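Structure, as structure tokens:
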Amino acid sequence: MPPQLLGLPGIPDIVDLGDAMILAGLPTSHLLVLELTPAGRAVLHLPRLEVGQGLTTAIAMLVAEELDARLTDVDVPLSDGRPELLFNQLTGGSNSIRALYDPVRGAAAAARARLVTAAAEHWNVPATTLRTADSAVLAPDGRRLGYGELAAAAAAIAAPAVPALPKAADQQRLVGKPTGRIDARDLVTGRATYAGDLRIPGAVPTVVARPATVNGTLESLDASAARAMPGVLGVVRIPSGVAVLAETFDQALKARDALRTVWNPGPAAGVSTDDVRARLRAAHAPFPPAPLFIQHLDAEFDFAFVNHAPMEVLTAVADVRPNRAELWFASQSPIVAQQAVATELGLPQNAVTVHVVRGGGSFGRRLFFDAALEAAQVSKAAGRPVKLMWTRDDDMRHGRMRPASHHRIRATYGLDRVLGWEHRVAAVRTDLGHGLGDAFTAAGYDLPIAGLTAAELFFLLTEKIPYNVGVPVQLLTELPLDLHTGSWRSVFSGTVRVSDEIVMDELARRMGQDEVAFRRARLRSAAGRAVLDTVAAKGNWGRPMPPGRAQGIGYHDENGGTVAYLVELDATDPAAPRVTKAVIAADVGRVINPRGLEAQLTGALVDGISVILQAGNHLDDGAFRESSYSDFHYARQRHTPPVVEIHLMPPSGPPGGAGELGVPAASAAVANAYARATGTGPRSFPITF
């Protein structure tokens, strides 16, 4: 595919990825299900996935706010796959709160109006004389009717006697208040249920033996020894490997290791990290000589593959019968998964039921449903329900990766002005199928710019430099390697914007200006200037630092949010750098739960520390080297700063996205601090790769 230029016809600069996703979901945004039970529970069936980001808590707060209900009376179970929702059951692009804020509030406000009307009819008083509080309707004389008592009557109300409008911002009592997670006790006590905890009748533990190289194929199999082992219930060949079914996972794993297999090499056999980097660097021609009398700064950057590595390994339960299938797993894209499973099994889509289960982390990984497809294949072949689990090694070596990429930037400048900015990106092809890409296609978003891949569309919608830098040009070329890649938190921004921010730092110093002042003078956004001013003031930007220590700054805006990170880094031992302090300022419009947002921004900081300083994946002769957290060096507690300050800006409009916002800015701040502390210009990440 030829390079793609930012700003192609059909993608206005004012439209970002989050906007596009929200627009695609508007036709079905009213199809929420809010239930009031006789027991007085308000149950909002959430068409999104909870993977630890605190989404269910934020939604519960919105419901409680508009109903005037106690937060403890609100439940937010996850919806099964609902094909009628089309694009509106996709968890990604930092769009969940942005897309659901108004629909959830509208549904709860409508329910409240009906409850008030039902109470007015019951008491034979004007509805306008009643008020609501603590999950009840209250009369002026002190009478009280709980929502459970009114639920049946309220359901029969066709035309409420009071307005069914959400509260104005100045009437909100719960939204914006730091709130603990509604599932916190379940999480810390082990009561929270994940796919691996489910006890589906007859579902037997299942694991898969996989090839030595990525996408290798099975040449021969001798399963006689494995079949004879205690507890083994079956051995099944599937396209991705050989599945072993047993009474326990321990027995299944031991029998898997007893299989005698010979594997054909995968299509990337013979390809290693150095080969990938060389091919990426060759994907774009070198910059031509700069015009006379024009000053320029050229820089090139390499970013490694990075695994998603969620704490919970992929697990799926499948029960496939001749005329139907039922699956349980954590899915960010359950409708697309339902379609794919139905196609694989030769069933109509409505014969496949997908139960969405909470996930233990994702970062984009659960947009893909590899384990669910395998579980369906095994269940069909074995004729029984299965609980299929990927091991950590499986996901590290055969799972999804943030694609390796190479970046070449030229900034031209003169007379205290930045005149032009060209950023050429070469990346291993990003597979956005089985999730965002398929959903975009289903929503018709490939129509205005025919010929673009989903990854190229992503690039166009997300990678917009936020500064006035003369004429900006951004190009994407994809390298078609047959490897498993996919959306990794921030997708392209996690490398593109990091490269931009490093060059902004270097250009500021080249032009003799302070790095923060240089950015501030060129930021297009007033909100951006405000967060930059805040983080610089609160972080005491420019304070003297001992030798080997330095501050670094990073800025990013995307999906209706704006953030700046300032970190302090100790590189007195350049081989073991440590971030010692972080100050974060963010503006994401109206914040539902400040505590949840702070957790998101802190998690992004840990991601930034990890992928800049130490965490990446090596490709060795067509196989990924790392197999677990022991050699995939994600940040541990000892690598995280003992001091983290977060400053949230006052509400400035509707909610913005936050799930992916922080990673580019945090990563850039760490890289820039390392550069200033060591007096170097790091060009390959992670630095200790």
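The table below lists the values:
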quantity: Residue within segment 514-522 that is within 22 Å of Gly494 (Cα to Cα) and exposed (fewer than 15 other Cβ atoms within 10 Å of the Cβ) present; calculated: no
quantity: So Pro160, is it surrounded by 18 or more Cβ atoms within 10 Å (Cβ to Cβ), out of contact with any strand residue (DSSP E or B) (no Cβ under 7 Å at 6 or more places or on another chain), at pLDDT 95 or above and not assigned by TED's automatic domain parsing to the domain that holds Val378; calculated: yes
quantity: Matching residues, segment 279-338, being within 30 Å of Leu86 (Cβ to Cβ), touching a residue at least 60 places away in the same chain (Cβ under 8 Å) and more than 28 Å from the chain's Cα centre (by Cα); calculated: Asp319, Val320
quantity: Selection count, segment 265-279, where residues are surrounded by 20 or more Cβ atoms within 10 Å (Cβ to Cβ) and part of a loop (DSSP other than H, G, I, E, B); calculated: 3
quantity: Residue in segment 90-102 that is more than 22 Å from Arg41 (Cβ to Cβ) and over 20 Å from the mean Cα position of the chain (by Cα) present; calculated: yes
quantity: Count - residues of segment 344-399 that are buried (at least 22 other Cβ atoms within 10 Å of the Cβ), touching a residue at least 40 places away in the same chain (Cβ under 8 Å), in a helix (DSSP H, G or I) and among the hydrophobic types (A, V, I, L, M, F, W, C); calculated: 7
quantity: Filtered residues of segment 400-429 (kept if surrounded by 23 or more Cβ atoms within 10 Å (Cβ to Cβ) and in a loop (DSSP other than H, G, I, E, B)); calculated: Arg400, Pro403, Ala404
quantity: Whichever residue in segment 167-180 is out of contact with any Leu (no Cβ under 9 Å at 6 or more places or on another chain) and of a type outside the set (D, E, K, R) and, among such residues, is surrounded by the fewest Cβ atoms within 10 Å (Cβ to Cβ); calculated: Ala168
quantity: Pair list, Cβ < 7 Å and 6+ apart or interchain, from segment 671-689 residues that are closer than 22 Å to Asn617 by Cα and β-branched (Val, Ile, Thr) to residues that are modelled with pLDDT of 95 or more and surrounded by 20 or more Cβ atoms within 10 Å (Cβ to Cβ); calculated: Ile687/Ile612; Ile687/Leu613; Ile687/Tyr674; Thr688/Leu613; Thr688/Gln614
quantity: Selection count, segment 118-154, where residues are part of a helix (DSSP H, G or I), out of contact with any Leu (no Cβ under 8 Å at 6 or more places or on another chain) and under 18 Å from Gly40 (Cβ atoms); calculated: 3
quantity: Criterion: over 30 Å from Gly52 (Cβ atoms) and free of Cβ contacts under 8 Å to residues at least 12 places away in the same chain - qualifying residue of Ala228, Ala152; calculated: Ala228
quantity: Residue in segment 573-589 that is within 21 Å of Gly681 (Cβ to Cβ), assigned by TED's automatic domain parsing to the domain that holds Arg676 and not in a loop (DSSP other than H, G, I, E, B) present; calculated: yes
quantity: Qualifying residue in segment 132-147 (condition: β-branched (Val, Ile, Thr), touching an Asp or Glu at 6+ places or on another chain (Cβ under 6 Å) and touching a residue at least 12 places away in the same chain (Cβ under 8 Å)); calculated: yes
quantity: Elements of type helices (runs of 4 or more DSSP H) contained in segment 168-264, each with 2 or more residues being of a type outside the set (A, V, I, L, M) and within 30 Å of Asp80 (Cα to Cα); calculated: 184-189
quantity: Residues satisfying the stated conditions in segment 57-76, i.e. crowded, with 22+ Cβ neighbours inside 10 Å and either free of Cβ contacts under 8 Å to residues at least 60 places away in the same chain or not charged (D, E, K, R) (or both); calculated: Thr57, Ala58, Ile59, Ala60, Met61, Leu62, Val63, Ala64, Leu67, Ala69, Val74, Val76
quantity: Test result for Ala325, outside any helix (DSSP H, G or I), surrounded by 19 or more Cβ atoms within 10 Å (Cβ to Cβ) and outside the structural domain of His423 (by TED's automatic domain parsing); calculated: yes
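The values are calculated or read from the model by the stated rules, or taken from the named source; none is laboratory data. Everything quoted here is computed from the prediction, not taken from an experiment. Neighbour counts are summed over all protein chains in view; Cβ atoms, including those assigned to glycine, are modelled from backbone coordinates with ideal geometry.
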